[in-house]
Amino acid sequence: MVESSVPVVVPGGTGGVDDDLLEGLNPPQREAVTYRGPALLIVAGAGSGKTRVLTHRIASLLRRREAWPSQILAITFTNKAAGEMRERVGQLVGESARGMWISTFHSACVRILRREAENFGFTSSFTIYDSGDSRALIKRLVKDREAERFGLSPAGVQGRISRLKNELTDAAAFARQANLSDPAERLFSELFGDYERALQRANAFDFDDLIAQTVYLFRAFPAVADAYRKRFRHILVDEYQDTNAAQYALIHELTRPVVGAAEAYSSGGMMIFEPEHAPELEGASLTVVGDSDQSIYAFRGADIRNISEFERDFPGARVVLLEQNYRSTQNILSAANAVIGHNFDRKAKNLWTDSGAGERIVGYTGYSQHDEAQFVADEIEAIHRSGVDYSQVAVFYRTNAQSRALEEILIRAAVPYKIMGGTKFYERAEIKDALAYLTAVANPADEMALRRIVNKPKRGIGDVSIETISRFAADRGITFREALGHAGDLGVGPKLQTAITHLHGVLGAASEIMLPATGEVAPPTAVADGLSLLLGRSGYLDALRMSRDPQDEARVENLDEFVAVAREFARNNPDGTVIDFLAEVALVSDADDLDDASGSVSLMTLHTAKGLEYDAVFITGVEEDLLPHRISAGEPGGPAEERRLFYVGVTRARKRLYLSLAMTRAQFGEIASAVPSRFLQEIPADLVDWRQSPADLVRQAPPRFGGGSGSRGGFRNDTPALLPKSTSLDRFANKVPAKVRDNGDMELAAGDRIRHDDFGEGRVDAVTGEGAKRIAHVRFDSGAAKKLLVKIAPIEKI
DNA sequence: CGCCCCGGGATTTTT
DNA sequence: TCCCGGGGCG
């Protein structure tokens, strides 16, 4: 694409088989594809084509027969990224892409643990607790020990355990070094132990365990580890800046040389190198790709040092720097460079492009978050009319709560949008219930799952009865599930006995469908069929259908969709069991189904935005205390991480970038004034075209100014942080009515005149759409053209 | 046991 | 503002 005339020396190149893989790559990219050695660090700036480099590197290894597909392990952070990589490698090398492991850390570890579980006290049918499951469990444990009186909250305990696990500290190790004379410490230590034991009893792992236990496994059973070391000769890790200590340790274990000719270890039918007199085998070749400027997950244990000290960890490592950006305009890159340059203690890196300056960045300051949202909506409409597809537009924000105001306005402006992330499908209560039903069948040891569904729908089995069952099970040394089969011995009333027996029967029937006797193979439809049976015969669906809560209708639809997911799973995994299905569901994230946003504007948090790109990007709420977020201010490295987050957002934009903020923002139902983010001042002023700058508003606003209520910084050179007191701005704030009106029956046709609460009078040009989605195209007397959703727009006919 | 009302608390990001 | 949990009552 550029500099194609520069001759490139391919190290060790024989030419031929992979020439096309180097076509269109710049020199550093080519080196990243062709370098061969024990360790390679590719420092890939935003938009520098790292996925291309990574896929071409894998393809090159395969085409030159330097590796079999089965010798390649490529780790990504999301399943979506893994899928994309598999597909792109597939396009380059065809069928042989099939034998590779391209997956997330978590999925790869699940695969390993399933094979080896029997070696260390678990069974291979273990289930996976997501953070909600583990929170529920910890909550119960905290309650049992009355730990709240010592200031231990479930959330705090959960977070701390997670951090410890990510540092490979288990409960025993913690107890050894903890100050147990402090009662709170002692209690926490006990809770940690409780939690570990509860998981083990439930035959379950939480997210953090998946990594940590794999590391423990490798360390405790060197022969097992050697088998994987011999198998994986090329290990590639994407987003290396986001790895935590446990993941780092895992990579280290896998890339260790195999010492001595240990006898071959064969596990689960895995094909391994010939065992005969294996000589010492050097460690696998490791390639990591990352950008420390895009490290935004320190809060969950990612350690930026993993990448910044890579060369120290792997002496002799080659480092390749990719700085040429193929995504954004120079203006956008200059802004990004300037902002990130304010982080000290980083390796200098300068993104550049040869594609021209492009348009200036647009800034806008709203009076309120709704004013800001209106700007976003208007601007989206304007660029849409100029030919930009909605799917090429994204709106980012720091916190999920900010999406509400944007949604309200986008709905009214009839801009199609989709929220990425947010309340995830698999976190909806009804889906979690369905999952708990499946888990209750698949992993009878999991008492948490049974507790969750034992009274859903309502069967009259309350806390008291649950404890009765639990104690009964504990006394007899049987599982909770088995206890349900002894309803008559529980000492509960006849009504409850019937209910419990019925539930037990339903679970049993589902087990027969989904878990056939050993030797038999369940049909592919087993999971979906079993799920339907559970939801139907348990009365769960009926209860929702009988309800008059309109939300329950949506819940039924969600469950229908979930059954469809199970059928889809069967199509893709004909041999997949319930266990496999549950694992897959547990490990998919909201970031994984980002692409079904066709024809819609994408709304998401800045974190979710990582790895994506759009023609036009709006970053909203660029205010102090929001971006950077207030909570980060006190944390070491917090503000720097927030800056990286902002940097990630900026570098998502290809052609247009909008930065917006509001002078007032409703928080906890109160209206607070806001101060422009320091990040705005870090952008050279000539790059930004302020449609309405903060200074404009300060000048225009009514004269009762106050100080910036403890907020720091001023804005630009001329205006100190003068802020109107919130009382003087009341008339601007929250003009959107809280209650949605319903004009569903309003008759409207081209030619009608209407009055809009905000926009005044205008004439209807056309009405399109049907029913609740009827849209009026209105030209207002002010000259503005708007699309309005008739059903809810604040309009009346005149 | 379940429902309802009340008050308090909380609000970052997620494999 | 909204969500959750606790407590009281039917």
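The values are calculated or read from the model by the stated rules, or taken from the named source; none is laboratory data. Keep in mind that what you see is a predicted model, and the values were worked out from it rather than measured. Cβ atoms come from the backbone with ideal geometry, glycine included; neighbour counts cover every protein chain shown.
Among (1) at pLDDT below 85; (2) at positive phi, where does residue A:47 come up short?
That leaves (1) as the condition not met.
Okay, residues lined up against (1) within 16 Å of DNA strand B (Cβ to nearest atom); (2) farther than 13 Å from residue A:626 by Cβ:
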site: A:663; (1), (2): no, no
site: A:673; (1), (2): no, no
site: A:677; (1), (2): yes, no
site: A:691; (1), (2): no, yes
site: A:695; (1), (2): no, yes
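Considering only residues that are assigned to a loop (DSSP other than H, G, I, E, B) and at pLDDT below 80, look in the range A:743-761 and name the one that is surrounded by the fewest Cβ atoms within 10 Å (Cβ to Cβ).
Restricting to residues being assigned to a loop (DSSP other than H, G, I, E, B) and at pLDDT below 80, the top hit is A:745.
Among the residues of the range A:640-661, write down those that are more than 17 Å from residue A:624 (Cα to Cα) and within 16 Å of DNA strand B (Cβ to nearest atom).
A:648, A:652
Name the single residue that is farthest from DNA strand B (Cβ to nearest atom) among those in the range A:401-426 being outside any helix (DSSP H, G or I) and over 21 Å from the mean Cα position of the chain (by Cα).
Per the criteria, the residue is A:414.
Would you mind finding the one in A:114, A:65, A:52, A:98 that is at positive phi and either away from DNA strand C (no atom under 16 Å from the Cβ) or not in a helix (DSSP H, G or I) (or both)? Even if it seems obvious, please write down each step before you answer.
Working: A:114 fails: at positive phi; A:52 fails: at positive phi; A:98 fails: at positive phi.
The match here is A:65.
Using the structure shown, decide if residue A:113 is crowded, with 21+ Cβ neighbours inside 10 Å, assigned by the TED database to the domain that holds residue A:225, away from DNA strand B (no atom under 16 Å from the Cβ) and not polar (S, T, N, Q).
no
For the range A:627-634, does any single residue satisfy the condition of being touching a residue at least 12 places away in the same chain (Cβ under 8 Å), in a helix (DSSP H, G or I) and either within 13 Å of DNA strand B (Cβ to nearest atom) or over 20 Å from residue A:395 (Cβ atoms) (or both)?
no
Might you let me know whether the range A:200-207 holds any residue that is away from DNA strand C (no atom under 16 Å from the Cβ), surrounded by fewer than 17 Cβ atoms within 10 Å (Cβ to Cβ), more than 28 Å from the chain's Cα centre (by Cα) and under 21 Å from residue A:579 (Cα atoms)?
yes
Need a quick list: helices (runs of 4 or more DSSP H) entirely within the range A:427-478 having at least 3 residues that are closer than 22 Å to residue A:558 by Cβ and either of a type in the set (Val, Ile, Thr) or over 28 Å from the mean Cα position of the chain (by Cα) (or both).
A:429-442
So if I check each of A:603, A:594, which one is within 20 Å of the chain's Cα centre (by Cα), at pLDDT below 80, surrounded by 13 or more Cβ atoms within 10 Å (Cβ to Cβ) and under 27 Å from residue A:381 (Cβ atoms)? Outline the logic, then answer.
Values: A:603 fails: at pLDDT below 80.
Criteria check complete, one pass: A:594.
Would you say residue A:443 is within 16 Å of DNA strand C (Cβ to nearest atom) and within 30 Å of residue A:490 (Cβ to Cβ)?
Working: within 16 Å of DNA strand C (Cβ to nearest atom): no; within 30 Å of residue A:490 (Cβ to Cβ): yes.
Criteria not met by residue A:443.
What is the number of the single condition among (1) at pLDDT 90 or above; (2) more than 29 Å from the chain's Cα centre (by Cα); (3) farther than 30 Å from residue A:788 by Cβ that residue A:328 does not meet?
(2)
Being farther than 23 Å from residue A:603 by Cα, away from DNA strand C (no atom under 16 Å from the Cβ) and assigned by the TED database to the domain that holds residue A:652 narrows it down to one of A:382, A:377, A:394, A:357, so name that one.
When all the criteria are applied, what remains is A:357.
Name the single residue that is farthest from residue A:340 (Cα to Cα) among those in the range A:7-29 being touching a helix residue (DSSP H, G or I) at 6+ places or on another chain (Cβ under 6 Å) and at pLDDT below 90.
It comes out as A:17.
Could you tell me whether residue A:461 is surrounded by fewer than 19 Cβ atoms within 10 Å (Cβ to Cβ) and under 23 Å from residue A:438 (Cβ atoms)? Spell out the reasoning first.
Working: surrounded by fewer than 19 Cβ atoms within 10 Å (Cβ to Cβ): no; under 23 Å from residue A:438 (Cβ atoms): yes.
For residue A:461, the condition - surrounded by fewer than 19 Cβ atoms within 10 Å (Cβ to Cβ) and under 23 Å from residue A:438 (Cβ atoms) - is not met.
Looking at residue A:160 and the list (1) in a helix (DSSP H, G or I); (2) within 16 Å of DNA strand C (Cβ to nearest atom), which single condition is not satisfied?
(2)
Any idea which of A:240, A:265 is within 29 Å of the chain's Cα centre (by Cα) and either at pLDDT 90 or above or surrounded by fewer than 22 Cβ atoms within 10 Å (Cβ to Cβ) (or both)? Talk me through it step by step, then tell me what you get.
Numbers: A:265 fails: within 29 Å of the chain's Cα centre (by Cα).
The match here is A:240.
Any idea which residue in the range A:653-676 is nearest to DNA strand C (Cβ to nearest atom), counting only those that are assigned to a loop (DSSP other than H, G, I, E, B) and surrounded by fewer than 24 Cβ atoms within 10 Å (Cβ to Cβ)?
Only one residue tops the list, namely A:669.
Hey, among the residues in the range A:379-400 that are touching a residue at least 24 places away in the same chain (Cβ under 8 Å) and among the hydrophobic types (A, V, I, L, M, F, W, C), which one's nearest to DNA strand B (Cβ to nearest atom)?
Restricting to residues being touching a residue at least 24 places away in the same chain (Cβ under 8 Å) and among the hydrophobic types (A, V, I, L, M, F, W, C), the top hit is A:396.
Spot the failing condition for residue A:401; the list is (1) within 28 Å of residue A:555 (Cα to Cα); (2) touching an Asp or Glu at 6+ places or on another chain (Cβ under 6 Å); (3) not assigned by the TED database to the domain that holds residue A:585, and only one is missed.
Every listed condition holds for residue A:401 apart from (2).
Select from the range A:117-144 the residues that are within 16 Å of DNA strand C (Cβ to nearest atom) and either in contact with a Cys (Cβ under 9 Å, 6 or more places away or on another chain) or farther than 15 Å from residue A:208 by Cβ (or both) and list them in ascending order.
Residues satisfying the conditions are A:136, A:139, A:140, A:141, A:142, A:143, A:144.
So the check is Cβ under 7 Å with 6+ separation or different chains; which pairs have a first residue in the range A:134-145 that's among the β-branched types (Val, Ile, Thr) and a second one that's within 11 Å of DNA strand C (Cβ to nearest atom)?
Between residues of the range A:134-145 that are among the β-branched types (Val, Ile, Thr) and residues that are within 11 Å of DNA strand C (Cβ to nearest atom), the close pairs are A:138/A:154; A:142/A:148; A:142/A:154.
Just give me the residues in the range A:84-116 being in contact (Cβ under 8 Å) with a residue 12 or more places away in the chain, under 23 Å from the mean Cα position of the chain (by Cα) and farther than 20 Å from residue A:209 by Cα, in sequence order.
Within the range A:84-116, A:84, A:85, A:86, A:88, A:101, A:102 qualify.
Rundown of residues vs (1) of a type outside the set (Asp, Glu); (2) more than 16 Å from DNA strand B (Cβ to nearest atom); (3) assigned by the TED database to the domain that holds residue A:104, yes/no style:
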site: A:134; (1), (2), (3): yes, no, no
site: A:154; (1), (2), (3): yes, no, no
site: A:174; (1), (2), (3): yes, yes, no
site: A:182; (1), (2), (3): no, yes, no
site: A:187; (1), (2), (3): yes, yes, no
site: A:190; (1), (2), (3): no, yes, no
site: A:196; (1), (2), (3): no, yes, no
site: A:222; (1), (2), (3): yes, yes, yes
